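Participant: Please find one structure pasted underneath; my questions will follow.
Derivation of every value follows stated rules applied to the coordinates shown; laboratory data play no part. Quick caveat: nothing in here was measured; it's all calculated off a predicted structure. Here the Cβ positions follow ideal geometry from the backbone for every residue, glycine too, while neighbour counts run over all protein chains shown.
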């Protein structure tokens, strides 16, 4: 008899995010992926490194903490601190993406093995208070989709918009 597999829309979305990003980045050369659209904005490469970093240091670590002890405290995560320390600019885009994909696959194995009741297990955030594993899954997807949108806008602005000729003024870019 095959093992039970947790069904949850968030898990399906988490599983599909790497494919969505791969499709968006299919025409992006590395030299474009590392270009920052502005000094205070992230490049595609930095977004990928951030995704890789938060996969293990935020989301997966919180899952592990919650599964180890009901109501356990989790550490806060300040992406600006990590960004300022250079945590998101250490690898090339493909290496960061590959590392993120590996971590995602491992996380999904753990998550799909959970029982539905496990989604009610809780952790304690220092700023936001009590949260459930189910809420964490939905936050994880929300985070992913925000960065999918960010990468899509960067691809749009850096690859396709420059070649759209007289139609450029009709597009409002926010890379």
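Participant: Please enumerate the residues belonging to region 85-116 that are more than 21 Å from residue 15 (Cα to Cα) and either without any contact (Cβ under 8 Å) to a residue 12 or more places away in the chain or within 14 Å of the chain's Cα centre (by Cα) (or both).
Facilitator: 85, 86, 88
Participant: So, one more: Please pick out the residue among 58, 14, 51 that is within 11 Å of the chain's Cα centre (by Cα), buried (at least 17 other Cβ atoms within 10 Å of the Cβ) and over 23 Å from residue 92 (Cβ atoms).
Facilitator: Working: 58 fails: over 23 Å from residue 92 (Cβ atoms); 51 fails: over 23 Å from residue 92 (Cβ atoms).
Going through 58, 14, 51 in turn, the sole match is 14.
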